[in-house]
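Working notes, beginning with the structure itself.
Computed from the coordinates by the stated procedures, all read-outs in this text should not be read as laboratory data. Predicted, not measured: the structure shown is a model, and the values here were computed from it. Don't worry about glycine lacking a Cβ; one is built from the backbone with ideal geometry, like all the others, and counts go over all protein chains shown.
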2 protein chains.
Amino acid sequence: MTIRTRCSFELPAWIEPFLGDWTVPLATVSQRMQLAVALSEENVRRQTGGPFAAVVINETTDELVAAGVNIVTTAGLSVVHAEIVALSLAQTALNGWNLADAGTLQLVSTCEPCAMCFGAVPWSGVKSLVCGAGKRDAEAAGFDEGDKPHDWVSSLQRRGIVVQCGVLSEHAADVLVRYRKSGGMIYNAD
Amino acid sequence: MTIRTRCSFELPAWIEPFLGDWTVPLATVSQRMQLAVALSEENVRRQTGGPFAAVVINETTDELVAAGVNIVTTAGLSVVHAEIVALSLAQTALNGWNLADAGTLQLVSTCEPCAMCFGAVPWSGVKSLVCGAGKRDAEAAGFDEGDKPHDWVSSLQRRGIVVQCGVLSEHAADVLVRYRKSGGMIYNAD
């Protein structure tokens with residue numbers, strides 16, 4: 001039996017220079033979301049993946065720890081939603097699976113998490129989650145968000161994770177609508 | 001802002017020779033689970049990760065498509081549960097995010113999925129899920145399984161995924177118990 005033993009994924013090449021040119025500070029959740037939404041737009045414009053992006057921010061220093069965009073179709077891996085990419089790259093940068101060891105880290109995502117990403121948040125060690133668009137916006141654009149517990153926000157809160165939804169939600173949702181209108185691939189397995 | 005742009009993970013080196021020596025056929029769910037349980041035991045014995053393993057099987061040919069073990073602590077990534085590793089390596093082997101394109105594939109896991117892995121199953125394109133130990137076994141060993149919808153089995157079934165729980169459950173649960181007794185690391189973020 002010969003099998004594959006190694007898996008890897010990579011951010012699109014445009015992201016590093018894009019971040020290098022970014023001048024807006026990351027002091028407020030709106031400013032952080034502004035960066036995430038800009039990344040999601042650029043990911044669509046460059047055709048490097050789906051209309052979702054996320055960033056991990058150090059809440060103490062306001063520094064960007066990691067960025068992620070949805071690269072499911074381009075990486076050929078169903079798990080590489082923006083949140084999973086950002087969390088995994090943050091853990092790669094900080095050299096450990098538990099981001100709580102590195103201070104107070106925040107995950108800022110352009111969309112409410114799908115069932116998988118909801119489950120991934122507590123395992124990562126982030127202390128807060130900020131979302132832009134809602135499940136309805138993602139579903140209106142044709143994406144399947146999966147089945148989360150109905151009380152998913154309080155589930156995270158019970159685990160000590162602060163949740164803030166609806167930040168720049170219109171901007172974030174607009175990227176989803178435009179992706180759908182442009183004929184972007186909707187990659188639900190069936 | 002300098003960030004990490006690439007993430008990778010790798011199976012422990014012992015897995016390829018271990019699979020090379022494996023002679024039990026993979027025709028039934030019990031035989032497939034037998035392999036998964038053996039991988040979870042060996043992962044504990046070699047101290048290369050947590051007491052969980054999973055395999056992806058082609059149900060038409062009975063061939064092993066991919067294997068995964070929990071490598072959270074050794075890879076330093078919170079998402080690399082056994083199921084995520086096996087699904088991602090299957091997609092790497094088959095060169096695409098949707099395993100449904102490659103036939104009728106089955107995910108066989110030594111334990112009921114946690115909240116994240118539950119959410120990941122429908123995105124992967126597998127047609128069935130076979131589990132060994134239950135949530136209670138994992139929690140009894142100290143692991144946090146997260147909050148899944150109460151009707152998680154019917155949630156998967158509604159999406160056309162066949163679910164079979166409790167296969168060789170005593171063997172699978174025994175690995176969890178022994179891991180706990182041996183003082184194995186319980187890696188819940190807090």
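May I ask you to derive the FRET efficiency for B:W22 and B:S182 from their Cβ-Cβ distance with R0 = 30 Å, giving the value to the nearest 0.05? The partial results should precede the final answer.
Numbers: r = 24 Å, r/R0 = 0.80.
The computed FRET efficiency comes out at 0.80.
Between copies, B:G142 shows label-point distances of 4.8 nm, shortest first, with the point placed 7 angstrom from Cα along Cα to C-beta. Kindly provide log₁₀ I(q)/I(0) values, in the same order as q = 0.21 Å⁻¹, from the Debye equation applied to equal alpha-carbon scatterers of region A:9-101. Cα-only, vacuum Debye calculation for region A:9-101: -1.04.
In debye, nearest 20, what is the charge dipole magnitude of the protein assembly as shown about its Cα centre with +1 on Lys and Arg Cβ and -1 on Asp and Glu Cβ, if you could check?
Numbers: 28 positive and 40 negative charges, 4 e Å.
The dipole magnitude comes to about 20 debye.
Of all residues in chain B, the one whose Cβ lies closest to the rotation axis carrying B onto A, together with that distance in whole Å, is B:S8, 2. For the listed residue pairs B:K148/B:K181; A:K127/B:K135; A:K148/B:K181; A:K135/B:K127; A:K127/A:K148, the alpha carbons are over 22 angstrom apart in B:K148/B:K181; A:K127/B:K135; A:K148/B:K181; A:K135/B:K127. Within the listed set A:A75, A:A66, A:A138, the Gaussian network model of chain A (springs between alpha-carbon atoms below 10 Å) gives the highest mean-square fluctuation for A:A75.
With viscosity set to 1.002 mPa s and temperature to 20 °C, compute the Stokes-Einstein D of region A:83-169, Rh being the Kirkwood radius across alpha carbon pairs; µm²/s, no decimals.
The estimated diffusion coefficient comes to 162 µm²/s.
Considering the protein assembly as shown at the alpha-carbon level, its Rg and Dmax are found to be 19.6, 59 Å.
Let me know the volume per residue of the alpha-carbon convex hull for chain B, in Å³.
Details: hull volume 25.3 nm³, N = 190.
Each residue corresponds to 133 Å³ of Cα convex hull volume.
For chain B, a Gaussian network of Cα nodes joined below 10 Å ranks B:T61, B:T48, B:T110 by mean-square fluctuation, and the top entry is B:T61.
I want to verify a result. In a Gaussian network model of chain B, Cα cutoff 10 Å, which of these has the top mean-square fluctuation: B:P122, B:P17, B:P113? Looking only at B:P122, B:P17, B:P113, the largest GNM fluctuation is found for B:P17. Take B:T60, move 7 Å from Cα toward the beta carbon, and the resulting point lies 5.5 nm from the same point in each other copy, nearest first.
Averaging Cα coordinates gives a centre for region B:5-63 and one for region A:1-62; these two points are 33 Å apart. Ranked from shortest, the separations from the 7 Å Cα-to-Cβ label point of B:Q47 to its equivalents in the other copies are 5.1 nm.
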